[in-house]
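S.K.: Let me give you the structure first, and then I'll get to my questions.
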Amino acid sequence: MRKLSKVLVVTLILLALFGCKSFQTLSGTKKSAQGSPYEVLVVCDGREWEGTVGEALRSLLNTPVEGINQVEPMFNIVRITAGDFKGLLPSYRNILKVLCSPSVTECGIFASYDVVAAPQIVLTFQGPTQGAMVEYLKSHGEKLLQVLEAAERDRTIEFAAKHTDKGIEELLRKKFNIEMAVPQGYTFRAQSDNFMWISHEYPVASQGFFIYSRPYKGKQDLTTKALVKARNNFAKRIPGPSEGSFMTTVEQVPNIEDNGYVTFEPQRNEIEINGRKWIELRGLWDVENDFMGGPFVSYTTLDERTNRLVTLDCYVYSPKYGKRNFLRALEHLVYVVSFPAESK
């Protein structure tokens with residue numbers, strides 16, 4: 001039922017945004033989808049790919065990810081021609097087919113799910129001329145990115161639901177009275193008053209998050225300054241690699257114009273997820289008294305049952321490799337957080 005609801009929601013979004021008239025999911029046993037997260041197989045012939053449509057699509061899919069201290073595209077592109085679309089390629093996880101033909105009466109983007117593999121999304125972008133298709137992307141390109149992102153997010157959520165670490169789930173339930181499906185691979189690191197630290201360690205990277213809560217005294221606790229202050233109070237409980245070092249928030253960055261420093265404030269967004277309001281902060285972290293750093297994204301919400309603010313704070317350390325996929329997977333965790341009603 002949950003998967004069906006997910007597909008219906010995304011379908012309705014696409015219908016509203018793109019004017020799609022048909023969606024099709026083939027029945028039967030599906031093979032596992034190929035390709036890496038945030039990789040899009042673009043099926044586009046040379047004339048269009050080398051023309052204005054290809055240029056517009058490359059610019060759109062290569063939009064830099066916000067809040068990362070290096071340039072990374074939102075999606076990696078693997079481009080082939082229609083004649084090469086065979087073998088294992090139709091089982092790619094994200095497929096974007098491009099059709100430019102005078103026989104097409106109007107521009108549109110159509111979506112199908114799990115066509116020959118699962119989980120899979122197949123988008124068909126069509127139009128009568130390259131010029132018309134480029135104009136269409138100017139109005140609908142952002143929504144196209146959102147639909148591809150939603151497909152990746154739903155995969156993470158579904159994996160977490162199927163492969164939850166029951167031990168961590170129980171720890172979070174007891175500590176914060178929240179439900180959170182944390183996928184296997186994460187390890188409990190530490191806890192103290194109103195604080196818990198969990199991470200997934202790799203040979204060359206670290207993907208982690210910490211959850212903390214504190215009393216809500218009023219709207220002044222929700223200012224960006226107050227949220228950063230609270231973050232620093234709890235982040236110092238995460239030790240760095242050397243004695244006396246600890247995590248903190250970057251609040252100044254070098255000014256290349258005069259070799260000085262300028263104030264750096266995290267980007268703030270107010271969002272709603274599953275009916276709950278969150279304040280999202282995107283910024284950078286580093287380590288006091290040592291040399292480490294990377295991007296973070298935090299989500300803060302008011303738990304009205306206990307009149308406490310609860311924050312899910314996610315960070316990535318990956319000095320040699322890309323940070324996008326690590327950070328995106330962490331961002332998706334907020335979608336598996338819920339606050340059960342208080343038992344009477």
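S.K.: Lys and Arg at +1, Asp and Glu at -1: add these up for the other residues within a Cβ distance under 14 Å of Arg58 and post the number. Before the final figure, lay out the partial values.
M.R.: Details: positive: Arg79; negative: Glu48, Glu50, Glu55.
Here the charged neighbours net out to -2.
S.K.: Which helices count as membrane-span-like in the chain under these terms: full DSSP H, at least 20 Å along the axis by C-alpha, Kyte-Doolittle mean of 0.5 or more?
M.R.: Helices meeting the span and hydropathy rule in the chain are 2-18.
S.K.: Roughly what would the spin-label model give for Tyr202 and Leu88, points 7 Å off Cα along C-beta, in nm?
M.R.: That separation, rounded to one decimal, is 2.0 nm.
S.K.: Could I ask something else about it? Run lengths n ≥ 4 of DSSP H only: what is the helix-derived mean residue ellipticity at 222 nm for the chain, with -39500 (n - 2.57) per run over all residues, to the nearest 500?
M.R.: Value at 222 nm, helices only: -9000 deg cm²/dmol.
S.K.: Among the aspartates and glutamates, select those whose C-alpha is under 16 Å from the C-alpha of Lys236, and discard any that sit fewer than 8 residues away in the same chain.
M.R.: Qualifying aspartates and glutamates at Cα under 16 Å: Asp193, Glu251, Asp286, Glu288, Asp290, Asp313.
S.K.: Still on this structure: Using only alpha-carbon positions, what ratio does the radius of gyration of the stretch 211-344 give when scaled by 2.2 N^0.38 Å?
M.R.: Against the compact-globule rule of thumb, the ratio is 1.14.
S.K.: Same structure, new question: If I take R0 = 51 Å and measure r between the Cβ atoms of Glu243 and Ser103 in this structure, what FRET efficiency does the formula 1/(1 + (r/R0)^6) give, to the nearest 0.05?
M.R.: The formula returns an efficiency of 0.15 here.
S.K.: Further, regarding this structure: Taking every DSSP beta bridge that has both residues in the chain, what percent is antiparallel when rounded to the nearest 5? Each step should come with its number before you reach the end.
M.R.: Values: 64 of 83 bridges.
Of those bridges, close to 75 percent are antiparallel.
S.K.: For the chain, modelled as a Gaussian network with Cα springs under 10 Å, which listed residue fluctuates most, Glu66, Glu251, Glu50?
M.R.: Its mean-square fluctuation being the largest, the pick is Glu50.
S.K.: A follow-up question, please. Sort 298-309, 161-172 by packing, meaning the average of other beta carbons within 10 Å per residue, with the highest value first.
M.R.: 298-309, 161-172
S.K.: Mind giving me the FRET efficiency for Phe188 and Ile273? R0 is 35 Å, r the Cβ-Cβ distance, nearest 0.05 is fine.
M.R.: Once rounded, the FRET efficiency stands at 0.90.
S.K.: To continue, here is another question. Take the alpha carbon gyration tensor of the chain, find the square roots of its eigenvalues, order them as a ≥ b ≥ c, and report rounded if a/c is under 1.5; if not, report prolate when a/b exceeds b/c, else oblate.
M.R.: Prolate shape, in that a/c is at least 1.5 and a/b is the bigger ratio.
S.K.: Can I ask one more? Taking only protein heavy atoms and a 1.4 Å probe, what accessible area per residue, in Å², does the stretch 75-208 have with all protein chains in place? Walk me through the numbers before you get to the answer.
M.R.: On the way: 5930 Å² over 134 residues.
Per-residue value: 44 Å².
S.K.: Which loop trypsin sites (Lys or Arg not before Pro) in the stretch 46-107, with loop taken from DSSP, have no more than 12 other Cβ atoms within 10 angstrom of their Cβ?
M.R.: Lys86
S.K.: Could you sort Ile279, Ile256, Ile271 by their accessible area in this structure, using a 1.4 Å probe and putting the largest first? Intermediate results must be reported in sequence, preceding the final value.
M.R.: On the way: Ile279 15, Ile256 155, Ile271 50 Å².
Order by accessible area, largest first: Ile256, Ile271, Ile279.
S.K.: Right, something else. Please report the carbon-and-sulfur percent of the accessible area for the stretch 242-344; probe 1.4 Å, protein heavy atoms only, DNA, RNA and ligands left out. Kindly include the intermediate steps, with their values, before the conclusion.
M.R.: On the way: 2570 of 5520 Å².
Summing carbon and sulfur atoms, their accessible area is 47 percent of the total for the stretch 242-344.
S.K.: Please tell me which of these pairs span more than 26 angstrom C-alpha to C-alpha: Lys31/Lys86; Lys143/Lys219; Lys30/Lys162; Lys166/Lys217; Lys219/Lys277?
M.R.: Exceeds cut-off: Lys143/Lys219; Lys166/Lys217.
The values are calculated or read from the model by the stated rules, or taken from the named source; none is laboratory data. Note that this is a predicted model, so its numbers are computed, not measured. So basically every Cβ, Gly included, is an ideal-geometry build from the backbone, and we count neighbours across all protein chains shown. With ligands, DNA and RNA removed, areas are computed over all heavy atoms of the protein, side chains included. Shrake-Rupley method; radii C 1.70, N 1.55, O 1.52, S 1.80 Å.
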